[in-house]
Amino acid sequence: MITGDQYRERIAKLKDNVYMGGKIVDRFDPRMLGGINVMAATYDNAFDSEYEGVGVATSHLTGEKINRFCHIHQSVEDLLNKQKMTRLYSQEVGGCTQRCMGIDALNGISIVTHEADRKYGTNYNERFMAFMKRVQEEDLSLNCAQTDVKGNRIWRPGQQKDPDQYLRVIEKREDGIIVNGAKAHNSCSTYVDEIVAIPTRHMMEDEADWAVAFSLPADWEGVTIINAAYYPPKRVALHCPYENVGIGHSITVFDHVFIPWERVFLCGETDLAGKLALLFALYHRHSYTGCKAALSEIFTGATALAAEYNGITKAQHVRHKLADMVQIVDLIFASGIAAAVNAVRADSGTYVPDTNYCNAGRMLAGEAIYSEYEALAAIAGGLAATLPGEAEFSNEKTGPYMEKYIMRDPDIPAENQHRAFRLFQDMMASTWGGHKLIDALHGGGSPVIEKVAIYRDADLERSKNIAKKLGGIPFEGTTKKLTRRFPWL
Ligand SMILES: Cc1cc2nc3c(=O)[nH]c(=O)nc-3n(C[C@H](O)[C@H](O)[C@H](O)COP(=O)(O)OP(=O)(O)OC[C@H]3O[C@@H](n4cnc5c(N)ncnc54)[C@H](O)[C@@H]3O)c2cc1C
């Protein structure tokens with residue numbers, strides 16, 4: 001395991017291939033520091049004894065202690081610990097821990113490479129396990145480039161006027177493959193060691209070129225990262241942990257990129273492309289039951305604080321709102337626990353969380369975010385939007401006015417009231433806050449996609465049989481058992 005500073009030193013050695021603001025930029029550009037800080041925390045937390053048992057796992061490959069973000073889940077306990085770790089780390093950094101994308105992709109790849117080898121006599125799993133050993137020994141940070149730019153949404157990859165709208169293999173050589181295309185919304189690509197690319201959807205038999213998965217260093221020849229950075233507003237004097245976070249998302253372009261075979265984990269196996277896409281999404285939605293529970297709890301805490309400072313904690317509408325919010329936090333987290341407890345072991349040995357519980361939790365989390373913003377805005381009042389700038393609190397003339405008129409509860413220092421409303425403003429009425437609103441809806445898959453998955457994986461025959469039984473209508477099978485829901489595993 002390495003520390004946050006060792007991670008930073010390694011990222012500093014990557015070659016420049018990041019564009020931002022119309023220019024090629026250094027990875028340590030001030031706009032990216034928040035994201036790097038969050039990623040570094042996932043390294044430092046592994047050494048924090050208060051997270052013992054949560055942030056560190058035992059490798060099934062080497063028996064060594066490893067950062068849990070490099071682990072292939074070997075048990076229900078592993079899944080529960082990953083969820084707990086995600087929640088605890090996320091609450092400290094005010095949202096996304098950013099390192100889950102990579103490990104969620106790797107867990108999916110561990111299953112499909114194993115299946116490909118059994119089905120097609122390939123040796124993807126051997127390659128992948130050699131890669132995994134490096135990931136664990138070097139404690140690599142990875143992201144996941146799944147979402148293709150997709151062109152016209154209704155057309156399949158092969159129907160696009162420009163076939164590069166989905167990342168594809170354009171040449172197979174003895175020593176490797178050449179890929180061309182781009183991935184969108186690619187979080188953390190500027191400050192990870194490796195980018196893991198996987199398919200975004202199910203592929204038809206004639207779409208073999210688009211059924212490709214691989215990993216490569218983030219500064220690999222031919223890779224261009226076109227990045228957008230988000231971070232809360234920087235403070236002048238009222239410093240706080242929330243100003244030190246941030247995230248980057250990119251369109252990652254793969255321009256005729258060569259990938260040696262040892263880095264290729266799927267190439268042309270169309271039946272497994274969709275399975276890998278589903279498995280990554282499933283693991284990632286399970287991660288969301290940790291991070292989104294944390295984000296919802298942050299909103300709950302902020303709303304409760306706003307109520308306290310405004311002196312309205314006893315108002316019934318406030319209590320009802322807070323009760324609703326607590327319930328959402330608990331339901332999101334509970335869905336992840338239920339998904340872990342009902343996990344199944346794939347043939348590769350990797351544990352897979354229950355699909356419907358993961359999707360139900362992620363869907364609830366995505367849809368609830370708008371009511372959480374609404375609750376905090378409603379209880380905090382308009383000041384969350386109209387709060388004068390920090391400098392007005394230190395100006396000789398306006399400072400005393402601000403100290404006097406920020407006051408609500410006379411027992412709470414003016415600075416704390418200022419700090420609270422500054423936080424609410426940063427959370428909601430900033431570029432960062434607006435970006436988080438869309439992140440929480442779409443990141444990890446939009447609620448509409450979870451609905452599709454929930455409908456697909458639900459055992460509605462069993463539900464109908466219960467109704468038939470009650471109505472005295474004959475049916476086949478039994479209703480006396482609960483279904484295990486992995487129709488596609
Ligand atoms: C902040 C953030 C971070 C992200 N990070 C990552 C990441 O690190 N890695 C990664 O791979 N992805 C990432 N994503 C991508 C995320 O998974 C996608 O945003 C999500 O899957 C939706 O895809 P899209 O944004 O392309 O939306 P679109 O597919 O453009 O969807 C727009 C609308 O069109 C509808 N639609 C789309 N296709 C069809 C169709 N065929 N028929 C009918 N309706 C259709 C959708 O339902 C939706 O209503 C991130 C997204 C966000 C917002």
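Throughout, read-outs are computed from the coordinates displayed, never taken from laboratory work. Computed from a prediction, not measured in an experiment: that's the story for all the values here. A quick note on method: Cβ atoms are made from the backbone with ideal geometry, for glycine too, and the neighbour counts reach across all protein chains shown.
General remarks:
- Ascending count of other beta-carbon atoms within 10 Å, so fewest first, for Thr113, Thr431: Thr431, Thr113
- Panel values: the range 89-220, Kirkwood radius from alpha carbon pairs, Stokes-Einstein at 25 °C and 0.890 mPa s, translational diffusion coefficient 153 µm²/s.
- Scaled to the globular estimate 2.2 N^0.38 Å, the Cα spread of the range 134-192, given as radius of gyration, is 1.41.
- Residues Met20, Met427 arranged by fewest to most Cβ contacts within 10 Å: Met20, Met427
- In a DSSP loop and with at most 10 other Cβ atoms within 10 Å, the trypsin sites (Lys or Arg not before Pro) in the range 1-93 are Lys13.
- Per-residue packing, averaged as other Cβ atoms within 10 Å, sorts the ranges 439-447, 458-466 into the order 439-447, 458-466, beginning with the highest.
- Rounded to the nearest 500, the helix-only mean residue ellipticity at 222 nm of the chain stands at -16000 deg cm²/dmol, with each DSSP H run of n ≥ 4 adding -39,500 (n - 2.57).
- Taking θ as phi - 60° and the Karplus parameters 6.51, -1.76 and 1.60, the scalar couplings of the range 188-201 work out to 6, 4, 6, 10, 10, 6, 9, 10, 9, 9, 9, x, 8, 7 Hz in sequence order, x denoting glycine and proline.
- Neighbour-limited loop hits for chymotrypsin sites (Phe, Trp or Tyr not before Pro), the range 25-63 (at most 14 other Cβ within 10 Å; DSSP other than H, G, I, E, B): Phe28
- Cα gyration tensor category, rounded, prolate or oblate, for the range 162-299 with a/c compared to 1.5: prolate
- Net charge of neighbours whose Cβ lies under 10 Å from the Cβ of Asn227, counting Lys and Arg as +1 and Asp and Glu as -1: +1
- Overall form of the range 310-393 per C-alpha gyration tensor (a/c, 1.5; a/b vs b/c): prolate
- Prolate/oblate/rounded label for the range 238-317 (Cα gyration tensor, a/c 1.5): prolate
- Put simply, the amide H of His73, placed in the peptide plane, has neighbours under 5 Å in Tyr351, leaving out anything fewer than 5 places away on its chain.
- Karplus-derived 3J(HN,Hα), 6.51/-1.76/1.60, for each residue of the range 31-39, Hz, glycine and proline x: 5, 9, 5, x, x, 5, 4, 5, 4
- For the chain, the fraction of alpha-carbon pairs in successive 10 Å shells from zero, as %: 4, 19, 28, 25, 14, 7, 2, 0, 0
- Sorted on the mean count of surrounding Cβ atoms within 10 Å across their residues, most packed first, peptides 279-290, 185-196 read 279-290, 185-196.
- Over the range 266-362 - Rg/Rh using Cα atoms and the Kirkwood inverse-distance radius: 1.20
- Expressed per residue, the C-alpha convex hull volume of the range 393-489 stands at 220 Å³.
- Of Arg127, Arg319, the sequence from fewest to most neighbouring Cβ atoms within 10 angstrom is Arg319, Arg127.
- The peptide list 166-178, 399-411, 354-366, put in order of mean Cβ contacts within 10 Å with the highest first, becomes 354-366, 166-178, 399-411.
- Over the range 288-457, volume per residue of the alpha carbon convex hull, in Å³: 133 Å³
- For the range 151-228 versus the range 29-81, the gap between their alpha-carbon centres in whole angstrom: 27 Å
- Here r is the Cβ-Cβ distance between Glu138 and Ser394 and R0 is 51 Å; the resulting FRET efficiency, rounded to 0.05, is 0.65.
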